[in-house]
Amino acid sequence: MNKIDDINIEIQHIQQQMQEYLQIHWRLFLAEGIFFIFLGLCAIVIPQFFTVAIVVFLGWILLFGGIVHVSRAFVFANMPGFGWWLFMGVLQVIVGYLFITKPVAGALTLTMLMTVFFALEGVAKISLALMMRPLANWGFILFSGITALVFALIIWISWSESAQWLLGLFLGINMIFLGWSLVKISLHHKAQ
C-alpha cells in the first residue's frame, strides 16, 4: 500500500465515524441548527445592536483579562519577562476600556478582524466539506464556507461605510447558513 491508499483509508474511517456520530446525535445537531437560525434572525433584525453588543462584550473580556495579566505581573515581578507580561496586560486593559467606552470605533476595528475571521472560517468549512464529500448534504457546508469567503470580500470592500451594521448583519446571515446546514444534515441522518 502506498501513502495515498493509507490516506484514503483514513479518510473513509473518519467519514464512517462522522456518519455514526451524526446518526446517534442527530437531535443535538438539529437543536443546535435551530438555535443558530434563531440567533441569526435576531442579528439580522437588529444588526446595529449585535455589532455594538459584540464590541462591548469583547471589551469587558479584554478588560478583565488585562487586569489578571497586570496583577500576575506584579505578583511575579522578579520573573523574567516581567515587562512583557505587564505590557500585554496594560494593552488588554486599554483596548478593553476603549471598546467599552467607544464601541463605534471598536466596531471599525472588529469589522476588519471579522474579515479575517470569515476568510479563515470559510477555508475551514470548505476543507471540512471536502472531507465529508461522499456523505449526504456535504454541499451545504461547502456553500456555507463559500458564503463566508464572500462575506470577507464584501466587508473588505465596504469596511469604512458600513462597519456599524454590517458586522451584525453578516454574523446573522452566517449563523443562519450554519444553522440551516446543521438542520439539513441532522434531518437526513434521522431518517437512517
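The values are calculated or read from the model by the stated rules, or taken from the named source; none is laboratory data. Nothing here was measured: the structure is a model prediction, and the numbers come from that model. Cβ coordinates were reconstructed from backbone atoms using ideal geometry, including for glycine residues, and neighbour counts include every protein chain displayed. What goes into the accessible areas is simple: the full protein's heavy atoms, side chains included, and nothing from ligands, DNA or RNA. Shrake-Rupley method; radii C 1.70, N 1.55, O 1.52, S 1.80 Å.
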Relative contact order as a percentage, region 3-191, C-alpha pairs under 8 Å and 6+ apart, gives 38
Rounded to 10°, Cα long-axis angle of helix 103-132 versus longest principal axis of the chain: 20
Under a point-charge model restricted to the Cβ atoms of Lys and Arg (+1) and Asp and Glu (-1), what is the dipole moment magnitude of region 1-119 relative to its Cα centre, in debye to the nearest 20? 560
Percent carbon-and-sulfur accessible area, region 79-139, ignoring ligands, DNA and RNA, probe 1.4 Å: 81
For residue 190, which lysines qualify as cross-link partners when the Cα separation must be under 24 Å and same-chain residues fewer than eight apart are set aside? 125
How long is the gain from residue 82 to residue 150 if the chain were fully straight, where each residue apart is worth 0.36 nm and the alpha carbon distance is subtracted? 20.2 nm
Order the peptides 179-187, 167-175, 4-12, 136-144 from the highest to the lowest mean number of other Cβ atoms within 10 Å of their residues. 167-175, 179-187, 136-144, 4-12
Rounded to the nearest 0.05, FRET efficiency between residue 162 and residue 102 (Cβ-Cβ, R0 25 Å) equals 0.85
Rounded to the nearest 10 degrees, the helix 138-157 long axis (Cα) sits at an angle to the longest Cα principal axis of the chain of 30
Over the chain, give the accessible area per residue in Å² for a 1.4 Å probe, as an integer. 60
What label, among (1) 171; (2) 92; (3) 105, belongs to volume of the Cα convex hull per residue in Å³ computed from the structure on display? (1)
So, in nm, how far is label residue 124 from label residue 53 when the simple model puts each one 7 Å beyond its Cα toward the Cβ? 2.2
What nm distance separates the two modelled labels at residue 24 and residue 12, each placed 7 Å from Cα along Cα→Cβ? 2.2
Angle between the Cα long axis of helix 47-75 and the longest principal axis of the chain, 0 to 90 degrees, nearest 10? 60
Could the peptides 155-162, 45-52 be put in order, highest first, of the mean number of other beta-carbon atoms found within 10 Å of their residues? 45-52, 155-162
